[in-house]
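Accompanying notes for the structure given below.
The values are calculated or read from the model by the stated rules, or taken from the named source; none is laboratory data. On a predicted model such as this, the values are computed, not experimentally measured, just so you know. Glycine also receives a Cβ, built like all others from the backbone with ideal geometry; neighbour counts cover every protein chain displayed. Please note that ligands, DNA and RNA were not included when accessible areas were found on the heavy atoms of the full protein model with its side chains. Shrake-Rupley method; radii C 1.70, N 1.55, O 1.52, S 1.80 Å.
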Amino acid sequence: MSLRMHESVRPVLDRLDVPTDLLVAGAWRGGHDGGRIDVRDPATGEVLASVADAGVPDAQDAVDAAAAAAAGWAATAPRARAELLLRVHTLMHERSEELALLISLENGKSLADARSEVAYAAEFFRWYGEEVVRLRGQVGLSPGGGNRLVVTHRPVGISVLITPWNFPAAMATRKIAPALAAGCTAILKPATETPLTALAVAALLQEAGLPDGVLNVLTTRRPGPVIEAVLTDPRTRMLSFTGSTEIGRRLLRTAADQVLKCGMELGGNAPFVVLADADVDAAVEGAMVAKMRNGGQACTAANRFFVQAPVHDTFVEGLVARMADVRVGPGSDERTQCGPLINDDAVRKVDELVQDALARGARAVLGGARPEDGPGSYYPPTVLVDVPADARLLHEEIFGPVAPVVRFEREEEMLTMVNDTEYGLVSYLYTGELGRGLRLAESIDSGMVGLNRGLVSDPAAPFGGTKQSGLGREGSTEGLLEFMETQYVATSW
Ligand code: NAD
């Protein structure tokens, strides 16, 4: 492995195996045509490492490997699969500092964020290790009394797992753990920007005793043709994708040809609502978590703040004070609270959205301008007020540390604005009255609601969205059943 990086971090990474090749049939190997992809540190733009670039022949090899391992893995006792997953959970905790540093280096997020991600990511192995041995079918009598209904679950088959760069560990383990627990073999394609963490997790699975071919990993700069080759192979049965709605739609079209089972975790446009009866200090704290985790680069990031008039100014004052205090810097520096964005294109896109809002009449009370050119892809924490309804950033994912605030008077007006989006992943709501919160949650069209909380992610909870935020759920028993087919046997005895 040839990671090039500052001497101070080398001793830590020397304790973690970070392969840089493809994993196919249990062997690490280069791509068919020998190409490599540079992985860069967003804090400096420097190359950290180069990983293999898979082409279509490598994709075919990966499907062959997953197919060869499928029957054996499906026949493994649930307890044996569970024990393997629990070993990986332990290994991730033993190497948590190294994994956190690796995430921070390739993704840019602060070490604090990276450490929480490692704990969250590892938990999927424990949760599904515990869950798969408890999975039950059903036996019932048909309503007419003529026969029995025997219902069981079995692995769906070869699963293609595609993950984004914003949570390089957790988005991978949220798929790998339930897929393997269910008895499926899989092909993982991590994001091109952040492949190293996924490769390190795959090495830990091998260390825990994963049989060859059960998980194969393809890194590629040609995701279109490589994934098309995998999805159109008649042996593939499942697509589990996390990423943008735009790419998700495209993959759904390809998946339609084989009528693949699809789990799609797509984009978000989360509203963060503060009602006049809310505890405003708690709302500001929750807003910092919902907005600033990963510097705003989360599908669950609060994208639009709706604050009721009586508490608007107090909330904005509190938020500006907290945002102004955020220490921006390289993620791997222990003092950093907000790292760089993933790359310069991301900075340009965030700034374009901010300038659009300002041009339409919004006011920046904090930040609001790109830093002068310098190393690293930084954008300053920004708070905008008086944001007009037609500002693009109220309708598109910002994916940066920018909080646009809209004042509202009446609940109905707020609900109309909250639901006026093609997305429906998560919403946040702060109120002093629980009953009111639950009633409003029922009127909000999103798969998840954070009620007086700025964080909803939990391996035991069904994570997922409505509308164009996706299909299906990850986490919880629902996430396991996504990788299973239900079989019903009508029988008389
Ligand atoms: P992206 O859609 O650009 O990429 C996601 C993955 O798809 C990457 O691995 C990428 O290499 C791959 N990909 C790109 N083009 C492809 C193609 N033509 N065929 C097959 N694969 C292709 O998303 P991103 O920029 O990596 O991640 C950010 C997006 O992910 C945001 O929209 C965010 O909201 C979303 N996201 C959603 C969730 C969720 O759980 N709903 C979680 C995290 C991120």
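Does ASP17 qualify as being under 30 Å from GLY376 (Cβ atoms), of a type in the set (Asp, Glu) and in a loop (DSSP other than H, G, I, E, B)? Yes: the conditions hold for ASP17.
Yes/no matrix, rows are residues, columns are (1) farther than 23 Å from TYR120 by Cβ; (2) at pLDDT below 95:
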{"residue": "HIS6", "(1), (2)": "yes, yes"}
{"residue": "PRO11", "(1), (2)": "yes, yes"}
{"residue": "THR20", "(1), (2)": "yes, no"}
{"residue": "GLY31", "(1), (2)": "yes, no"}
{"residue": "ALA43", "(1), (2)": "no, yes"}
{"residue": "PRO57", "(1), (2)": "yes, no"}
{"residue": "LEU85", "(1), (2)": "no, no"}
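Residues being open to solvent by less than 30 Å² (accessible area, probe 1.4 Å) and in contact with a strand residue (DSSP E or B) (Cβ under 9 Å, 6 or more places away or on another chain): count how many of those fall in the range 71-84.
Of the residues in that region, 1 qualify.
Of the residues LEU440, LEU451, LEU425, the single one that is away from the ligand (no atom under 16 Å from the Cβ) and crowded, with 20+ Cβ neighbours inside 10 Å is LEU440.
Residue-level check: of (1) over 30 Å from HIS153 (Cβ atoms); (2) in a loop (DSSP other than H, G, I, E, B); (3) of a type in the set (Asp, Glu), GLU413 misses just (2). Where strands (runs of 3 or more DSSP E) fall entirely within the range 104-167, those with at least 3 residues that are buried (at least 24 other Cβ atoms within 10 Å of the Cβ) and touching a residue at least 24 places away in the same chain (Cβ under 8 Å) are at 158-162. Determine whether SER457 is of a type in the set (S, T, N, Q), open to solvent by less than 30 Å² (accessible area, probe 1.4 Å) and closer than 25 Å to VAL365 by Cα. Against the criterion (of a type in the set (S, T, N, Q), open to solvent by less than 30 Å² (accessible area, probe 1.4 Å) and closer than 25 Å to VAL365 by Cα), SER457 does not qualify. Working only within the range 473-493, note down all residues that are open to solvent by 60 Å² or more (accessible area, probe 1.4 Å) and either within 14 Å of the ligand (Cβ to nearest atom) or of a type in the set (Ser, Thr, Tyr) (or both). Those that are open to solvent by 60 Å² or more (accessible area, probe 1.4 Å) and either within 14 Å of the ligand (Cβ to nearest atom) or of a type in the set (Ser, Thr, Tyr) (or both): GLU478, THR486, TYR488, SER492. Here ALA62 meets the list (1) within 21 Å of the chain's Cα centre (by Cα); (2) open to solvent by less than 50 Å² (accessible area, probe 1.4 Å); (3) of a type outside the set (Lys, Arg) almost entirely, failing just condition (1).
Which residues, taken from the range 329-364, are open to solvent by 60 Å² or more (accessible area, probe 1.4 Å) and either farther than 15 Å from GLU106 by Cα or in a loop (DSSP other than H, G, I, E, B) (or both)?
Within the range 329-364, the first condition is being open to solvent by 60 Å² or more (accessible area, probe 1.4 Å), and the residues that meet it are 334-335, 337, 344-345, 348-349, 352, 355, 359-360, 363.
Scanning the range 329-364 gives GLU334, ARG335, GLN337, ASP345, ARG348, LYS349, GLU352, GLN355, ALA359, ARG360, ARG363.
Among the residues of the range 461-472, those that are more than 10 Å from the ligand (Cβ to nearest atom) and within 15 Å of the chain's Cα centre (by Cα) comprise ALA461, PRO462, LEU471, GLY472. Considering the range 238-308, the qualifying strands (runs of 3 or more DSSP E), each wholly inside and each with 1 or more residues that are among the acidic types (Asp, Glu) and near the ligand (Cβ under 10 Å from one of its atoms), run over 261-265.
May I ask you to list the residues in the range 77-101 that are basic (Lys, Arg) and not in a helix (DSSP H, G or I)? Result: ARG95, single match.
Listed here are the residues, each with its yes/no results for (1) surrounded by 15 or more Cβ atoms within 10 Å (Cβ to Cβ); (2) polar (S, T, N, Q); (3) more than 30 Å from VAL347 (Cα to Cα).
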| site | (1), (2), (3) |
| --- | --- |
| LEU13 | yes, no, no |
| TRP28 | yes, no, yes |
| GLY31 | yes, no, yes |
| ASP41 | yes, no, no |
| THR44 | yes, yes, no |
| LEU48 | yes, no, no |
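Contact map, the range 477-493: first residue closer than 19 Å to ILE187 by Cβ, second residue open to solvent by 90 Å² or more (accessible area, probe 1.4 Å) and among the basic types (Lys, Arg), Cβ cut-off under 9 Å, separation 6 or more or different chains; pairs are MET484/ARG154; GLU485/ARG154.
Taken over the range 207-228, the criterion of being in a helix (DSSP H, G or I) and crowded, with 19+ Cβ neighbours inside 10 Å is satisfied by VAL226, ILE227.
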